[in-house]
Amino acid sequence: MFLPAMQAAESSDPEAARLASPDGLLLILSNLPDRETAEEVAHTLVGERLAACVNILGTCTSVYRWQGDVEEAEEVTVLVKTTRLRHAACRQRLNALHPYEVPEIVTIAPEAVWPAYAQWAADETRDTSAGMRDTSTGLRDAAARACDSSDGDAEG
């Protein structure tokens, strides 16, 4: 099984430390009807500091049951990176922006997150209007580049 090997590797690696709540990273998975909507949602969540990064993934085919019928639709998947502190507000905003009657908003708590990435995400989702100053370092730029490269042709 993969998990025990991962835990063993982490215990020997001081860089594998996790940020404690409320800075713990959470992922929110959602599907949207098209790329344009996904881009609007992504820019809003990042612009409002509710998410540090939103990956806009490729189109997928979803097969689901809706109002008694089996349906099929092309959708665009987004992966939203936020923190425990901003999670509730991020989910509420995603729900408000989402065009579906019953939006898919699924939160995933990672087992481990690279510390520099977790710190970058925490820094980028801080509510600066509350007088919190930006304490980010050069690590933020490296994490942003990593997020950008995983976005493919999406800006994140």
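Residues in the stretch 81-109 that are within 14 Å of L26 (Cα to Cα) and surrounded by 16 or more Cβ atoms within 10 Å (Cβ to Cβ): K81, T82, T83, R84, L85, R86, H87, A89, C90, R91, I105.
Kindly indicate which of A154, A112 is assigned to a loop (DSSP other than H, G, I, E, B), at pLDDT below 95 and in contact with a strand residue (DSSP E or B) (Cβ under 7 Å, 6 or more places away or on another chain). Full working, then the answer.
Values: A112 fails: in contact with a strand residue (DSSP E or B) (Cβ under 7 Å, 6 or more places away or on another chain).
After applying the criteria, what remains is A154.
The numbered conditions (1) at pLDDT below 50; (2) polar (S, T, N, Q); (3) touching a Ser or Thr at 6+ places or on another chain (Cβ under 8 Å) are all true for T125 except (1).
Criterion applied to V54, V78, V70, V46 was being β-branched (V, I, T), open to solvent by 40 Å² or more (accessible area, probe 1.4 Å) and touching a residue at least 40 places away in the same chain (Cβ under 8 Å), and the one residue passing it is V46.
The set of residues in the stretch 37-65 that are part of a strand (DSSP E or B) and of a type in the set (V, I, T) comprises V54, I56, T59, T61, V63.
The values are calculated or read from the model by the stated rules, or taken from the named source; none is laboratory data. Predicted model, so just to flag it, every value in this text is computed and none were measured. Cβ: placed from backbone, ideal geometry, glycine included. Neighbour counts: every protein chain shown. The area values use the complete protein model at the heavy-atom level, side chains included, leaving out ligands, DNA and RNA. Shrake-Rupley method; radii C 1.70, N 1.55, O 1.52, S 1.80 Å.
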